[in-house]
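Undergrad: Quick one: structure below, then a few questions.
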Amino acid sequence: MTEQHLSAHARRRPARSSLGVAHVDDSHDQEFTVVGNHLAQHAELSLTAIGLAVHIQSLPTGSLVGIKALAAKFPEGEARVASALRELERHGYLSRTKERLPSGQIVTRTTSYNKPQARTTRATPAPRREPAPDLKEPEQPDPTAQTHIPAAPLPVPDTPDLPAHRTARIVLVGLRVRDPRLHLAEHDVRRLTPAVATWLGRGVAPDDVQRTLSAGLPPEGVRHPARFLAHRLAALLPPPYESGPGPEATRPDPLQNCAGCDRAFRSLQPGRCRDCRSVGVTAA
């Protein structure tokens, strides 16, 4: 990205002309960057993009070159910096890729090219070879499998319930907190909301819905979160919650007046209370 030539000599310039710019060239023995004219005189890049490319090429490896970091250094705002970075990407002087860290955080990896051809001439990585499939049929279908997931119809509530739909949306959006691999786009949240509302209508608590949808994720990751959740919402749909009458409570014995002391006690038959029977009191 940066090259230092300690023995570089001053470039000779032609005689000064009466028109145009004049150059006074001093040699740089240290802390300099070599920039090609293909960048410095690029006909399609803006001056902001050219200057930003030169600045990035002069930085040591590992320097922060995000939009906010660059906008904090220069008077150009974040919008102009972002536009210049997109220009450099289009013309092959820059590449930015998203990468997920083991902690789940998503970061942007930026690579700067001092020659745009370097972006297209990089060695193409060999295609990843998938392991041979196991032809042995599993004893039970694995609900977490991501290959050949049947497109089962999503459950829909019998009657629309706006509060339940709002809660269902919160459930879906909150899945990314439980596991970043279940991050959903806005249109996927709208599509899956009625199915989650059906679960809520069948007596499943919001936390239990999230726990069921996010439990036991495949070890290799989730390539299509929306499709994966749609399969679970359809395949694991609980039956409707039916609340029937509970077991009939045992009725207590009726009240009787004791024949000995006239005190009330419970018994199926009239007679004496337990105290009178224990002392042998007879009726008057």
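The values are calculated or read from the model by the stated rules, or taken from the named source; none is laboratory data. Quick caveat, the model's predicted, so the values are computed rather than measured. Heavy atoms of the whole protein, side chains included, go into the accessibility calculation; ligands, DNA and RNA do not. Shrake-Rupley method; radii C 1.70, N 1.55, O 1.52, S 1.80 Å.
Undergrad: Using only protein heavy atoms and a 1.4 Å probe, report how much of ILE56 is accessible, in Å² to the nearest 10.
TA: 10 Å²
Undergrad: Could you give me the ³J(HN,Hα) list for region 258-270, computed from phi with Karplus coefficients 6.51, -1.76, 1.60 and θ = phi - 60°, whole Hz, x at Gly and Pro?
TA: Taking θ as phi minus 60°, the curve returns 5, 6, x, 10, 6, 8, 6, 8, 9, 6, 6, 10, x Hz for region 258-270.
Undergrad: Could you work out, for region 23-74, what percent of all Cα-Cα pairs fall into each 5 Å distance bin, beginning at 0 Å and stopping at the bin that holds the largest distance?
TA: Per 5 Å bin, starting at 0, the Cα pair percentages come out as 4, 16, 22, 23, 21, 11, 4, 0.
Undergrad: Using θ = phi - 60° and the Karplus relation 6.51 cos²θ - 1.76 cosθ + 1.60, list the HN-Hα couplings for region 52-69 in order, rounded to whole Hz, with x at every Gly or Pro.
TA: Values, residue by residue: 5, 5, 5, 4, 5, 5, 7, 7, x, 4, x, 5, 7, 10, x, 4, 5, 5 Hz.
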